[in-house]
Amino acid sequence: MSIIMLNGTGLDHVESKKAVICMVLEMNNGDYHYCHIKAEFVHINEQRSGIQTASLKFTSITSNVQQQIIRYCYERQREARKKELHPL
């Protein structure tokens, strides 16, 4: 997973590169799933624009949360496919 880092949130001064993240997944049926996941920063990259992105690795995730994320990704991929087949 990759995230955009807010200005001033660099990890240079942090000893542990671990975090607990909260992902909010909005499903097509209008439901919201709040997933709290333990993760570890793998790589931090600074773009030419000055924006920092960070790659994360999930270190502790339940099968239920994993299924919710898979369902969310599937729904988003399906939406993108529909837009490709039926452009406005």
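Relative to the longest principal axis of the Cα atoms of the chain, helix 63-85 runs at roughly 60 degrees. Each residue of the stretch 24-33 is assigned a 3J(HN,Hα), and the resulting list reads 10, 9, 9, 8, 4, 7, x, 6, 10, 10 Hz, derived from the Karplus form 6.51 cos²θ - 1.76 cosθ + 1.60 (θ = phi - 60°), x at Gly and Pro.
Each pair of Cα atoms in the stretch 35-75 enters the Kirkwood radius, and Stokes-Einstein at 20 °C and 1.002 mPa s then converts it into a translational diffusion coefficient of 180 µm²/s.
In terms of its Cα atoms, the chain spans 47, 34, 18 Å along the principal axes, sorted from long to short. Here is the list for the stretch 21-74: trypsin sites (Lys or Arg not before Pro) lying in DSSP coil, each with at most 16 other C-beta atoms within 10 angstrom of its C-beta, are 48. Calculated [222 nm] ellipticity per residue, helices only, for the chain: -9000 deg cm²/dmol; basis is -39500 (n - 2.57) per DSSP H run with n ≥ 4, divided by all residues, nearest 500. Under 16 Å of direct C-alpha separation, and excluding same-chain neighbours fewer than eight residues apart, residue 38 reaches these lysines: 17, 18, 57.
Size estimate for the stretch 15-63 follows the Kirkwood approach: the inverse of mean 1/r over distinct Cα pairs works out to 12.7 Å. The modelled label-to-label distance between residue 20 and residue 44, using points 7 Å beyond Cα along the C-beta direction, is 2.1 nm.
If r is the Cβ-Cβ distance from residue 1 to residue 86 and R0 is 41 Å, what FRET efficiency results, to the nearest 0.05?
Details: r = 29 Å, r/R0 = 0.72.
After rounding to 0.05, the efficiency reads 0.90.
Any read-out appearing in this document is the output of simple, stated calculations on the displayed coordinates, not a laboratory observation. Treat the numbers as computed from the prediction; the structure is a model and nothing was measured. Note that each Cβ is placed from the backbone with ideal geometry, even for glycine, and that neighbours are counted across all protein chains shown.
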